[in-house]
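Bear in mind these aren't lab numbers, they're just calculated from the coordinates by the rules spelled out. Here the structure is a predicted model, which means the values were calculated and not measured. Here the Cβ positions follow ideal geometry from the backbone for every residue, glycine too, while neighbour counts run over all protein chains shown.
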Amino acid sequence: MSMESIEERARDIGRLISFTDEYKAMKRANERLGEDREAVALMNRIADLEEEITTALREGREPSPELQQSYAEVAEQIQQRDIYQMVVAAQANFERLMARINEQIARGIEVGDQSRIILP
């Protein structure tokens, strides 16, 4: 079987995945999150704080207690938002789906490896 054929089948699997309830729920949850201005502002703030923390650590400095406290407070605010909890749940469900798909691919590899029949 050619690499092109395998890639074509992988695209087909990707297309099929896009039709699953898990994918659709994750997409909707992320879209809703993007529409929540306060949540977006909090996520932008935490990204800025993460960058400050990373810079401090790269420079061999311990992030200041104030910076650590700010990060903890913003993270808690984000985690308390219903939309964030919906995104986390949707992503977890999608990850479980992908794990099951990867498991089936691994099983297919095992079967193919043990098979003595050579496919074109």
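Couple of notes before you dig in:
- Matching label, mean projected area of the Cα convex hull in nm² computed from the structure shown, candidates (1) 7.4; (2) 6.7; (3) 11.5: (3)
- Cα lying deepest toward the dipole's positive end in segment 1-116, options N102, N44, L16, charges on Cβ: L16
- Computed lengthening from R61 to D82, 0.36 nm per intervening residue step minus Cα-Cα distance: 4.0 nm
- The label-point distance for T54 and E4, in a model that sets each label 7 Å from Cα toward Cβ, rounds to 4.0 nm.
- Just checking the listed ones, R37, R96, R58: in the Gaussian network model of the chain with Cα springs under 10 Å, the one fluctuating most is R58.
- Largest GNM mean-square fluctuation across E110, E38, E50, computed for the chain with C-alpha springs under 10 Å, falls on E110.
- Cα gyration tensor, segment 55-120 - rounded (a/c under 1.5), prolate or oblate: oblate
- Simple label model, 7 Å out from Cα along Cβ direction - D113 to N44, nm: 4.9
- Were the residues from I105 through R15 laid out at 0.36 nm apart, the gain over their Cα-Cα distance would be 30.8 nm.
- Nearest 10 degrees, 0 to 90: helix 37-58 Cα axis against the chain principal axis: 90
- Centre separation in Å (Cα based) which lies between segment 53-108 and segment 1-41: 19
- For the chain, the Cβ-based charge dipole about the Cα centre amounts to some 620 debye (Lys, Arg positive; Asp, Glu negative; other atoms uncharged).
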